[in-house]
Amino acid sequence: MTKKLYDFDGHLASFEAVVQSCEKVENGYRVVLDQTAFFPEGGGQKADSGSLGDCHVFDVQIEKGEIFHYLDSPLAVGDTVKGEIDYETRFRRMQNHSGEHIVSGIVHSLYGYDNVGFHMGSDCVTVDYNGELNDEQILKVEQLANRAVCENRSILIEYPEPERLEEIPYRSKLDLKDDVRIVTIEGYDICACCAPHVSHTGEIGIIRLLDSIRYKGGTRLTMLCGFDALEDLEEKQLVLRRISNRLSVKQSEAYEAVLRLEEEISEQKNTLYFLKKSLVEEKIASLRETEGSICLFVENFDSDSMRRLANEGALRCAGICIVLSGDDQKGYSFIAASRKIPLREEAKRITASLSGKGGGSDEMIQGRITAPKSEIEAYFGT
């Protein structure tokens, strides 16, 4: 069985190992080593990647206790190879995973809730708890978690004997009996876990609880730790700086400035609404009854205004009332209505003659045509 070098030293980035087997599989080659620093996927955390000799290791899985390394090219059985893991990714994952242990330990200690789900994605970590946490409680957890970081507590890894294991009050989602790996964060958490961790909490750097939602009767927390949390803060700081510069206010005043801007936009929307309504009323008042069709070109009319104008025009003509918005370069959107002519079939003739497409009911059709204004007017006899 492969010796797990990552078990007690998560910082191990390179190692040497003997190739015990290599077989061709569908997506590459599957290799077993006598020992490895590559962590196989498990416990909500993705597998390490890196290299073995000149071969790229793109996946690592554990099946029935055997660790399989998936490579893009083969290795010779019996050869000694040098392994290199992607340590930057490994270290960030250790920061996030160790930070999650602290948070879950505090949640369990303060509120009695258990971690019932954990996933470490490429952009965030999510943790599910079997109880609801409010904003005040989450803030308290975050503050205490970062205090644990500042205290630089030791993180200890061990495989206790069965008799001692029964006496340890450790957290676990599974009923474990043999070869239980216990991760202890002094003063904050004791948990069964298979993944690599940092050796001291100070290496985590910072713990940020970014968001929370109700989930399956409990709470799902979204969090980031270490360099991932720092990058997230830097991105948000950049956005805040841009917003404050755009609004010509201090960063601490950006929220109030956005509220003021929303009020101004709301007032302008109301003003625009009444102006548009007045303009539509003027257009309707200018309509005259005719035995032919009505063709109206408008600017800055929304679809509701165009639809109302077309319906009013249809009441005043024996043909079709068509309302168009656009120009000769980009084409025209249109809405047409009639009380005399069935428009479902008429739409085919209109779009065929004026290079467009559209459809609807016998009472109203809409679509888009690309013919110039002069051709449109000529078609409808206006």
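Hey, any hits in region 128-141 for a residue that's touching a Ser or Thr at 6+ places or on another chain (Cβ under 9 Å) and of a type in the set (Val, Ile, Thr)?
Among the residues of region 128-141, at least one is touching a Ser or Thr at 6+ places or on another chain (Cβ under 9 Å) and of a type in the set (Val, Ile, Thr), which makes the answer yes.
Look at region 138-165 and say how many of its residues are crowded, with 17+ Cβ neighbours inside 10 Å and either out of contact with any strand residue (DSSP E or B) (no Cβ under 9 Å at 6 or more places or on another chain) or part of a helix (DSSP H, G or I) (or both).
Counting residues in region 138-165 that are crowded, with 17+ Cβ neighbours inside 10 Å and either out of contact with any strand residue (DSSP E or B) (no Cβ under 9 Å at 6 or more places or on another chain) or part of a helix (DSSP H, G or I) (or both) gives 9.
Being of a type in the set (Ser, Thr, Tyr) and without any contact (Cβ under 8 Å) to a residue 24 or more places away in the chain, is that true of even one residue in region 280-300? Explain how you work it out, then say what you get.
Going through region 280-300, the residues of a type in the set (Ser, Thr, Tyr) turn out to be 286, 290, 293.
Checking which are without any contact (Cβ under 8 Å) to a residue 24 or more places away in the chain leaves us with 286.
Yes - at least one qualifying residue is present in region 280-300.
Those residues that are closer than 19 Å to TYR159 by Cα and open to solvent by 30 Å² or more (accessible area, probe 1.4 Å), I need them from region 191-227; list them, please.
Once the filter is applied, which keeps residues that are closer than 19 Å to TYR159 by Cα and open to solvent by 30 Å² or more (accessible area, probe 1.4 Å), region 191-227 yields CYS194, SER199, HIS200.
For region 325-346: of the residues being under 40 Å from the mean Cα position of the chain (by Cα) and not charged (D, E, K, R), which is most open to solvent (accessible area, probe 1.4 Å)?
We begin by selecting, within region 325-346, every residue under 40 Å from the mean Cα position of the chain (by Cα); these are 325-327, 329-335.
Narrowing the set further to residues that are not charged (D, E, K, R) leaves 325-326, 329, 331-335.
Details: SER325: 27, GLY326: 46, GLN329: 160, GLY331: 3, TYR332: 11, SER333: 38, PHE334: 7, ILE335: 7 Å².
So, considering only residues that are under 40 Å from the mean Cα position of the chain (by Cα) and not charged (D, E, K, R), the one most open to solvent (accessible area, probe 1.4 Å) is GLN329.
Could you count how many residues in region 279-324 are among the aliphatic types (A, V, I, L, M), more than 19 Å from TYR379 (Cα to Cα) and open to solvent by less than 30 Å² (accessible area, probe 1.4 Å)?
5
Which residues, taken from region 87-114, are in contact with a His (Cβ under 9 Å, 6 or more places away or on another chain), farther than 13 Å from GLY205 by Cα and surrounded by 23 or more Cβ atoms within 10 Å (Cβ to Cβ)?
Hit for region 87-114 is HIS101, nothing else.
Test TYR188 against the stated conditions and say whether it is under 19 Å from ASN146 (Cα atoms), crowded, with 16+ Cβ neighbours inside 10 Å and among the aromatic types (Phe, Trp, Tyr).
yes
Go over the candidates ILE106, ILE168 one by one and state the one that is part of a loop (DSSP other than H, G, I, E, B) and of a type in the set (Val, Ile, Thr).
After ruling out the rest, the residue left standing is ILE168.
Among the residues of region 251-267, is any in contact (Cβ under 8 Å) with a residue 24 or more places away in the chain and surrounded by 12 or more Cβ atoms within 10 Å (Cβ to Cβ)?
Step one: list which residues in region 251-267 are in contact (Cβ under 8 Å) with a residue 24 or more places away in the chain, which gives none.
Looking for residues that are in contact (Cβ under 8 Å) with a residue 24 or more places away in the chain and surrounded by 12 or more Cβ atoms within 10 Å (Cβ to Cβ), one finds none in region 251-267, hence no.
The values are calculated or read from the model by the stated rules, or taken from the named source; none is laboratory data. For clarity, every value in this text was computed on a predicted model and none was experimentally measured. Cβ sites come from the backbone with ideal geometry, for glycine too, and all protein chains shown count toward neighbours. Accessible surface is based on the protein model in full, side chains and every heavy atom, while ligands, DNA and RNA are left aside. Shrake-Rupley method; radii C 1.70, N 1.55, O 1.52, S 1.80 Å.
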